[in-house]
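The values are calculated or read from the model by the stated rules, or taken from the named source; none is laboratory data. As the structure is a prediction and not an experimental result, all values here were calculated from the model. Here the Cβ positions follow ideal geometry from the backbone for every residue, glycine too, while neighbour counts run over all protein chains shown. SASA here: full protein model, heavy atoms, side chains in, ligands and nucleic acids out. Shrake-Rupley method; radii C 1.70, N 1.55, O 1.52, S 1.80 Å.
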Amino acid sequence: MANSWFSTCFFLITLLHQSKFSICRREQVPTPPLPVLRLPTYAQLKWQQRELIMFLHFGVNTFTDSERGSGKENPAIFNPVGLNANQWVSTAAEARISLMILTAKHHDGFCLWPSKYTKHSVAASPWKNGRGDVVRGLLMR
């Protein structure tokens with residue numbers, strides 16, 4: 001009886017081994033080709049190498065404590081008497097920020113420089129008697 005069982009198992013194993021069907025051998029599936037990806041341009045590569053940049057969103061909404069302005073805010077509420085652009089720049093330098101971007105005019109239209117084309121700017125604010133200029137203050141640092 002044991003000899004018959006052994007012969008049957010040996011026969012089945014031999015049959016499976018010689019056939020294309022297998023319960024223990026994985027099918028050989030070819031590896032798909034890797035996708036051909038576009039390489040970044042020189043400018044894109046340089047931008048990626050910056051790693052850290054800083055966006056400065058400072059404006060009239062800083063004083064209204066609201067996320068979005070309407071453009072109808074009174075410019076008189078803009079009065080950053082403690083504004084120190086040197087602090088922004090030194091903090092960025094300590095953090096190894098490679099680029100600072102100031103949003104000088106946001107969606108609400110308030111200009112952080114004294115614009116002659118709108119009254120919705122620092123020129124209409126009490127800050128530095130209407131002669132303040134956040135943009136120039138940041139650039140001169």
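Is it the case that Cys24 is hydrophobic (A, V, I, L, M, F, W, C) and modelled with pLDDT under 90? It would help to see each step written out before you state the result.
Numbers: hydrophobic (A, V, I, L, M, F, W, C): yes; modelled with pLDDT under 90: yes.
Answer is yes for this residue.
How many of the residues in segment 80-103 are farther than 14 Å from Phe55 by Cβ and open to solvent by less than 40 Å² (accessible area, probe 1.4 Å)?
Of the residues in that region, 2 qualify.
Which of the residues spanning segment 87-116 are within 15 Å of Asp133 (Cβ to Cβ), over 19 Å from the mean Cα position of the chain (by Cα) and either not polar (S, T, N, Q) or not in a loop (DSSP other than H, G, I, E, B) (or both)?
Within segment 87-116, Trp88, Ala104, Lys105, Phe110, Cys111, Leu112, Trp113, Pro114, Lys116 qualify.
Let me spell it out: the conditions are (1) of a type outside the set (Lys, Arg); (2) within 28 Å of Gln49 (Cα to Cα); (3) surrounded by fewer than 16 Cβ atoms within 10 Å (Cβ to Cβ), and Ile77 meets all of them except one. Which number is the exception?
So Ile77 meets the others, but not (2).
Can you name every residue in segment 26-49 that is of a type outside the set (Val, Ile, Thr) and farther than 30 Å from Leu99 by Cα? Full working, then the answer.
Taking segment 26-49 and keeping what is of a type outside the set (Val, Ile, Thr), we get 26-28, 30, 32-35, 37-40, 42-49.
Passing the criteria: Arg26, Glu27, Gln28, Pro30, Pro32, Pro33, Leu34, Pro35.
Report whether or not Leu139 is under 11 Å from Gly59 (Cβ atoms) and open to solvent by 30 Å² or more (accessible area, probe 1.4 Å). Quick ask: steps written out before the conclusion?
On the way: under 11 Å from Gly59 (Cβ atoms): no; open to solvent by 30 Å² or more (accessible area, probe 1.4 Å): yes.
For Leu139, the condition - under 11 Å from Gly59 (Cβ atoms) and open to solvent by 30 Å² or more (accessible area, probe 1.4 Å) - is not met.
Give the number of residues within segment 117-139 that are outside any loop (DSSP other than H, G, I, E, B) and of a type outside the set (Ser, Thr, Tyr). Talk me through it step by step, then tell me what you get.
Narrowing segment 117-139 to residues outside any loop (DSSP other than H, G, I, E, B): 121-124, 127-130, 134-139.
Still in the list and also of a type outside the set (Ser, Thr, Tyr): 122-124, 127-130, 134-139.
The number of residues fulfilling the criteria is 13.
Output the number of residues of segment 26-76 satisfying the condition of being free of Cβ contacts under 8 Å to residues at least 24 places away in the same chain, part of a loop (DSSP other than H, G, I, E, B) and touching a Leu at 6+ places or on another chain (Cβ under 9 Å). Don't jump to the end; show me each part of the working.
Keep residues of segment 26-76 that are free of Cβ contacts under 8 Å to residues at least 24 places away in the same chain, which gives 26-49, 62-67, 72, 74.
If we keep only those that are part of a loop (DSSP other than H, G, I, E, B) too, we end up with 26-41, 65-67, 72, 74.
Of the ones still in play, those that are also touching a Leu at 6+ places or on another chain (Cβ under 9 Å) are 39.
Total satisfying the criteria: 1.
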